[in-house]
Structures are given as structure tokens and as C-alpha cells.
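Presented below is the structure to which this report refers.
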Amino acid sequence: MNAAQGPGPLQPVVRVATREDAALLAELGARTFRESSPNTRHEDVESYVGENFTRENLMTCLSVKNATAPILEKCGQAIGYALLSPGTPPDQLVRASHSIQINWFYILEEWAGRKLGDVLMGRCLEHVKYSGFETIWLTVWRYN
């Protein structure tokens, strides 16, 4: 592929979300969270979705210094995203003064199993490297 051409139409693209993407992230977040929680009580899922995946909440998340939300796109469609936010790692991890958490990392169910998570995680790790963070961590609900 010629570098001047950019990625082909079938290649995944990762772009950094802006505040204008807050509604898209809220919709994508709600859908992917519901898909990833099939064994969780419906009421609990909807409570979490209602509290976390609102346009206003995502705008707030995107306003945090050094926070980022890479959006994974395929064929012009947003199919996944991650949300990284600076914070203090859990006690089990090595203490670092400059650390960041992967709060959310989801890809739509229909796109799972195609190694697209590797592409999205690569962009997350690039952000960590170029932003000078010492530690990155991801917490996962034990039943997920």
C-alpha cells in the first residue's frame, strides 16, 4: 500500500474521539456493554448503562486531562472503542506516579474474533508510551 493513499476501505482505522463524539460513544458503549453482559441481571445492566453511557458523562470523561477514547472503525462504521483515564492503580500493582487505566475496552459482538482488539489495544499502548505514563491497567469484572 502506498503511504500517501492511507488505509484501504477494508482496513481498520483508529481515531481519537473528540467531545463531538460523546453521543456516538454513549450509544456504542451502551450496545457493547449490553452485548458483553449476557449473564448479568437485566436491571443491573440497565442501571450501569443509564449511569455511565450518557452523552453528558462521556463529555465529562473526554474533558479529563490526558484521557483519551480511541474509536475503532471498519468500513466507515464505529465498531469498538476504549476509554483511558489517568488514575491511581489498585494496591496489587506497582505504584507509579503517572498511571492510566483502561476503563472500557469493547468491540461489537459481530466483529469479535477478527483480531481487531489487537489494533485497538495497540493504539491504547501508543497513547501510554507517547504520553509518558509509567503504568497502564485494565480491571475486568470477574463474571465477565
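The values are calculated or read from the model by the stated rules, or taken from the named source; none is laboratory data. It should be emphasised that the depicted structure is a prediction, and the values quoted were computed from it without experimental measurement. Because the Cβ atoms are built from the backbone with ideal geometry, glycine has one as well, and the counts that use them run over all protein chains shown. Each accessible area value is taken on the protein alone, full model and side chains, heavy atoms only, with ligands, DNA and RNA left out. Shrake-Rupley method; radii C 1.70, N 1.55, O 1.52, S 1.80 Å.
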Task: Relative packing of 40-51, 100-111, which averages over residues the other C-beta atoms within 10 Å, highest first - done: 100-111, 40-51
TODO: Just check the stretch 8-69 against the gyration tensor rule for me: Cα atoms, a ≥ b ≥ c as the square roots of the eigenvalues, rounded for a/c under 1.5, and otherwise prolate or oblate depending on whether a/b exceeds b/c.
DONE: oblate
Open item on the list: If you count only protein heavy atoms and use a 1.4 Å probe, how large is the accessible surface of VAL119, to the nearest 10 Å²?
Closed with: 60
TODO: Considering only protein heavy atoms, with the full assembly of protein chains and a 1.4 angstrom probe, order LEU62, LEU120 by accessible area, largest first.
DONE: LEU62, LEU120
TODO: Please give the calculated 222 nm ellipticity per residue for the chain, where each DSSP H segment of at least 4 residues contributes -39500 (n - 2.57) and the sum is spread over every residue; nearest 500 deg cm²/dmol?
DONE: -11000 deg cm²/dmol
TODO: Could you tell me what fraction of 2.2 N^0.38 Å the Cα radius of gyration of the stretch 102-144 comes to, as a two-decimal ratio?
DONE: 1.31
TODO: Over the stretch 3-76, average the accessible area per residue using a 1.4 Å probe and give it in Å², no decimals.
DONE: 58
- [ ] Take the solvent-accessible surface of the protein heavy atoms, probe 1.4 Å, and return the percent of it on the chain that carbon and sulfur atoms account for.
- [x] 52
Task: Neighbourhood charge, 13 Å Cβ-Cβ cut-off, centred on ASP44 and excluding it, Lys, Arg +1 and Asp, Glu -1 - done: -1
- [ ] Can you find, among LEU72, LEU125, LEU62, the residue farthest towards the positive end of the dipole of the stretch 32-144? Put +1 on the C-beta of Lys and Arg, -1 on that of Asp and Glu.
- [x] LEU125
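Give the shape of the stretch 17-123 as rounded, prolate or oblate, defined through the alpha-carbon gyration tensor: a ≥ b ≥ c are the square roots of its eigenvalues, a/c under 1.5 means rounded, and otherwise the shape is prolate if a/b is larger than b/c and oblate if not.
Rounded, since a/c falls under 1.5.
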